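Only one structure is covered here, and it is reproduced in the block below.
The values are calculated or read from the model by the stated rules, or taken from the named source; none is laboratory data. Quantities reported herein were computed from a predicted structural model and do not represent experimental measurements. Positions of Cβ are backbone-derived with ideal geometry, glycine not excepted, and every protein chain shown enters the neighbour counts.
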């Protein structure tokens, strides 16, 4: 599965996803880096069939209203350390990949994965 990690999340998330066998890029890998607009993120995600991983509620609105990005993983853990986020996310990556075979919108919170759409 392909992922695009948004600017407000650590670039380390890209490595965590890659270690689990996923293809992942971060907005820092894009030409405009962290200045990449939401529309540009949508375009890359749609063109490369990537799940956008974000904390940004604007992506939720766009997904629900316009279907862009086509697949969305919302990180709603609040302010936690990267170490705690890694401990939460990494064991769930296989479940996340499996759920995205059927669903288009997942949320990762402190208690785990919630299917939103």
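Here are a few things to note about the model shown:
- Scanning segment 68-79 for residues that are over 10 Å from the mean Cα position of the chain (by Cα) and in contact (Cβ under 8 Å) with a residue 12 or more places away in the chain, we see that the one that is surrounded by the fewest Cβ atoms within 10 Å (Cβ to Cβ) is 78.
- Lone qualifier among 62, 104 - being in contact (Cβ under 8 Å) with a residue 24 or more places away in the chain, more than 19 Å from residue 17 (Cα to Cα) and buried (at least 16 other Cβ atoms within 10 Å of the Cβ): 62
- Test: residue 41 is in a helix (DSSP H, G or I), in contact with a strand residue (DSSP E or B) (Cβ under 9 Å, 6 or more places away or on another chain) and modelled with pLDDT of 95 or more: yes
- Subset of segment 69-78 (residues that are assigned to a loop (DSSP other than H, G, I, E, B) and closer than 17 Å to residue 5 by Cβ): 69, 70, 71, 76, 77
- Residue 62 meets all of the listed conditions (1) in contact with a helix residue (DSSP H, G or I) (Cβ under 9 Å, 6 or more places away or on another chain); (2) closer than 12 Å to residue 5 by Cα; (3) in a helix (DSSP H, G or I) but one, namely (2).
- Residue check, residue 49 modelled with pLDDT of 95 or more, surrounded by fewer than 17 Cβ atoms within 10 Å (Cβ to Cβ) and closer than 21 Å to residue 117 by Cα: yes
- Options 46, 56, 84: the member that is without any contact (Cβ under 8 Å) to a residue 60 or more places away in the chain, out of contact with any helix residue (DSSP H, G or I) (no Cβ under 9 Å at 6 or more places or on another chain) and within 16 Å of residue 6 (Cβ to Cβ): 46
- Residues (farther than 20 Å from residue 102 by Cα, in contact with a helix residue (DSSP H, G or I) (Cβ under 7 Å, 6 or more places away or on another chain) and either free of Cβ contacts under 8 Å to residues at least 12 places away in the same chain or part of a loop (DSSP other than H, G, I, E, B) (or both)) located in segment 6-32: 6, 7, 10, 11, 30, 32
- Residues (within 24 Å of residue 78 (Cα to Cα) and either loosely packed, with under 15 Cβ neighbours inside 10 Å or at pLDDT below 95 (or both)) located in segment 20-38: 28, 33, 34, 35, 36, 37, 38
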